[in-house]
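First comes the structure, then the notes that go with it.
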Amino acid sequence: MKKSVTLITAALLLAGCSTTVDGTPVADPSGVPKPETGSFATTARTIAPPTQADGEALEGYRMSEIVPYLYEIDQTMHFQGHVETGSRDTVQRGMKNLFGQSVSDVVGAKPEAWVTVGIGDKPQGTKYDSKTKNRGETVAVLRLANPGDAAATVGPALRAAAKDAAGRTDPAKVETRIPGYDAAVAYTQTFDSAGTATVAFLAYKQYVIGAFGDFSVDQIRTFFDRQTKALDGFQPTPLDKVSTLQRDAEGIAKLTLAPSKSDGGYSLPGRAAVLRQTDVSRSVKTFADAGVDVVGTGGSTVYRAKDAAGATHVVNEFAAENKEAFPKADEEKVKGAPGAVCLTYPVYDGATTKNTWCAVAVGRYVAEFASQQRQEALQGIGAAYTILKSNA
């Protein structure tokens with residue numbers, strides 16, 4: 001955040017009229033402890049303009065903003081939020097991962113933008129148990145060039161048999177229907193380990209809407225109702241204009257650490273970013289209470305709250321959530337980063353692998369960083385604190 005002209009002017013004026021008198025003790029700046037930062041950069045980054053491929057992914061994130069909150073349709077599913085999108089040349093991989101090869105083949109490379117949003121019923125830290133079913137739902141929104149292409153995509157070919165990566169035939173697709181949506185293609189598939197999934201596709205205007213998972217047909221109907229209504233108010237960015245979308249319009253991503261293998265980064269409105277949280281419904285409330293409007297993503301994450309109190313609230317809420325999920329977590333402070341908190345815990349009960357999560361509030365901003373190496377996590381949050389302290 002840039003300093004206002006008033007603050008800069010005041011600083012210049014005060015620089016020429018010190019009120020220090022002989023004998024007054026003055027703190028030595030070199031004596032103020034500084035956080036360890038290791039090899040992390042401690043200055044704000046430059047976020048490059050988007051390429052065409054970046055713009056296509058950014059359009060996917062724009063569409064995620066209007067995906068209904070899935071936990072409002074099934075209140076047991078509000079954990080482990082995830083969002084996937086990408087450029088046009090990634091859509092077939094995304095559809096194969098979610099729906100299988102036959103659906104990927106039908107969809108092809110036609111979509112101009114795509115996004116999937118998912119949710120589950122198990123909190124972070126839950127140890128896998130083959131005797132306990134993990135319930136979840138993932139939905140998809142694909143934007144095609146025109147309504148004709150969308151309508152042509154949703155047909156019987158989506159129910160074609162397919163084989164998995166090992167060459168085994170996928171479970172049979174048993175036709176079903178979604179109440180109120182006779183034009184939708186819907187079926188169930190029963191998997192050995194995951195149980196029965198209900199799958200459905202609907203063409204609406206220039207969009208194809210999909211759903212896969214544990215929603216009932218009535219819940220999918222509710223999803224279709226809400227998603228079509230949301231699309232009515234959505235203004236798509238023309239394909240030849242998506243490169244004009246900004247990766248970091250609010251200047252928040254530049255405050256994140258650089259990813260380990262790239263210099264990428266982007267910022268999202270809070271409504272889109274909250275879909276990736278470990279407890280989506282809880283974070284929706286946290287974001288609302290704290291006034292979180294933008295989230296920057298890079299090698300670390302930066303949240304912008306409405307004020308300093310809001311930022312502190314975010315740190316406290318995130319820490320509380322992690323402590324509840326990992327009651328055996330070891331907590332520690334970070335030298336030179338006032339208010340920072342780090343928690344180290346096994347990734348699940350009994351695991352030998354540990355994760356260290358850290359967060360710190362600086363002004364109205366929150367930096368968050370995690371690593372499976374404790375020292376790296378401490379240095380990362382130290383660097384993130386230094387960046388915010390210099391720019392917030």
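The values are calculated or read from the model by the stated rules, or taken from the named source; none is laboratory data. It should be emphasised that the depicted structure is a prediction, and the values quoted were computed from it without experimental measurement. Glycine also receives a Cβ, built like all others from the backbone with ideal geometry; neighbour counts cover every protein chain displayed.
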Original post:
Given the structure, is residue 136 buried (at least 22 other Cβ atoms within 10 Å of the Cβ) and under 18 Å from the mean Cα position of the chain (by Cα)?
Top reply: yes
Subject >> Odd one out for residue 275, checked against (1) under 14 Å from the mean Cα position of the chain (by Cα); (2) free of Cβ contacts under 8 Å to residues at least 60 places away in the same chain; (3) closer than 30 Å to residue 146 by Cβ >> reply: (2)
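Condition check: under 29 Å from residue 61 (Cβ atoms) and either assigned by TED's automatic domain parsing to the domain that holds residue 253 or not aliphatic (A, V, I, L, M) (or both). Does residue 386 satisfy that? Full working, then the answer.
Numbers: under 29 Å from residue 61 (Cβ atoms): yes; either assigned by TED's automatic domain parsing to the domain that holds residue 253 or not aliphatic (A, V, I, L, M) (or both): yes.
For residue 386, the condition - under 29 Å from residue 61 (Cβ atoms) and either assigned by TED's automatic domain parsing to the domain that holds residue 253 or not aliphatic (A, V, I, L, M) (or both) - is met.
Show me the helices (runs of 4 or more DSSP H) found entirely inside region 1-103 where at least 1 residues are surrounded by 10 or more Cβ atoms within 10 Å (Cβ to Cβ), among the charged types (D, E, K, R) and modelled with pLDDT of 95 or more. Let's see the steps before the verdict.
Numbers: elements: 5-15, 52-64, 91-99.
Correct list: 52-64, 91-99.
A quick yes/no check of all residues on (1) more than 30 Å from residue 365 (Cβ to Cβ); (2) in contact with a Lys or Arg (Cβ under 7 Å, 6 or more places away or on another chain); (3) of a type in the set (D, E, K, R):
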site: 72; (1), (2), (3): no, no, yes
site: 97; (1), (2), (3): yes, no, no
site: 105; (1), (2), (3): yes, no, yes
site: 116; (1), (2), (3): no, no, no
site: 133; (1), (2), (3): yes, no, yes
site: 140; (1), (2), (3): yes, no, no
site: 147; (1), (2), (3): yes, yes, no
Subject >> Among (1) touching a strand residue (DSSP E or B) at 6+ places or on another chain (Cβ under 8 Å); (2) farther than 23 Å from residue 147 by Cβ, the one test that residue 231 misses >> reply: (2)
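For residue 247, are the conditions met, namely being closer than 29 Å to residue 137 by Cα, in contact with a strand residue (DSSP E or B) (Cβ under 6 Å, 6 or more places away or on another chain) and modelled with pLDDT of 95 or more? Let's see the steps before the verdict.
Values: closer than 29 Å to residue 137 by Cα: yes; in contact with a strand residue (DSSP E or B) (Cβ under 6 Å, 6 or more places away or on another chain): yes; modelled with pLDDT of 95 or more: yes.
Taking the combined requirement at face value, the residue satisfies it.
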Original post:
Give me the pairs: first residue in region 203-226 and modelled with pLDDT of 95 or more, second residue surrounded by fewer than 23 Cβ atoms within 10 Å (Cβ to Cβ) and among the basic types (Lys, Arg), beta-carbon distance under 6 Å, and six or more apart or on different chains, which are they?
Top reply: 214/135
**OP:** May I ask you to say which residue of 254, 241 is modelled with pLDDT of 95 or more, under 23 Å from residue 91 (Cβ atoms) and outside any loop (DSSP other than H, G, I, E, B)?
**Re:** 241
Original post:
Can residue 299 be described as surrounded by 18 or more Cβ atoms within 10 Å (Cβ to Cβ) and touching a Ser or Thr at 6+ places or on another chain (Cβ under 8 Å)?
Top reply: yes
Subject >> Condition broken by residue 307, with the remaining ones in (1) farther than 23 Å from residue 371 by Cα; (2) under 12 Å from the mean Cα position of the chain (by Cα) satisfied >> reply: (2)
Subject >> Close pairs (8 angstrom Cβ cut-off, 6 or more residues apart or separate chains): more than 30 Å from residue 246 (Cβ to Cβ) in region 61-74, in a helix (DSSP H, G or I) anywhere >> reply: 73/219; 73/222; 73/223; 73/226; 74/219
Original post:
Does residue 264 meet the test of being in the same structural domain as residue 386 (by TED's automatic domain parsing), under 26 Å from residue 63 (Cα atoms) and modelled with pLDDT under 95?
Top reply: yes
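Among the listed residues 370, 337, identify the single one that is surrounded by 18 or more Cβ atoms within 10 Å (Cβ to Cβ), of a type outside the set (Ser, Thr, Tyr) and touching a residue at least 40 places away in the same chain (Cβ under 8 Å). Step through it out loud before you land on a result.
Details: 370 fails: touching a residue at least 40 places away in the same chain (Cβ under 8 Å).
Exactly one residue qualifies, and that residue is 337.
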Subject >> Conditions (1) within 18 Å of residue 103 (Cα to Cα); (2) touching a residue at least 24 places away in the same chain (Cβ under 8 Å); (3) assigned to a strand (DSSP E or B); number of the one not met by residue 119 >> reply: (1)
**OP:** Write out, first by first residue and then by second, each pair whose Cβ atoms fall under 8 Å of each other, whose residues are 6+ apart or on separate chains, and whose first residue, in region 295-323, is assigned by TED's automatic domain parsing to the domain that holds residue 262 while the second is among the hydroxyl-bearing types (Ser, Thr, Tyr) and surrounded by fewer than 20 Cβ atoms within 10 Å (Cβ to Cβ).
**Re:** 299/260; 321/278
Original post:
So how many residues does region 139-179 have that are in contact with a Phe, Trp or Tyr (Cβ under 8 Å, 6 or more places away or on another chain), surrounded by fewer than 16 Cβ atoms within 10 Å (Cβ to Cβ) and not aliphatic (A, V, I, L, M)?
Top reply: 2
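Would you please name the residue that is surrounded by the fewest Cβ atoms within 10 Å (Cβ to Cβ), looking only at residues in region 271-295 that are in a helix (DSSP H, G or I) and touching a strand residue (DSSP E or B) at 6+ places or on another chain (Cβ under 6 Å)? Break it down into steps so the answer makes sense when it comes.
From region 271-295, those in a helix (DSSP H, G or I) are 271-276, 280-290; that's our starting set.
Imposing the further condition that a residue be touching a strand residue (DSSP E or B) at 6+ places or on another chain (Cβ under 6 Å) reduces the set to 273, 275-276, 280.
Values: 273: 25, 275: 23, 276: 20, 280: 22.
Applying the filter and picking the extreme gives 276.
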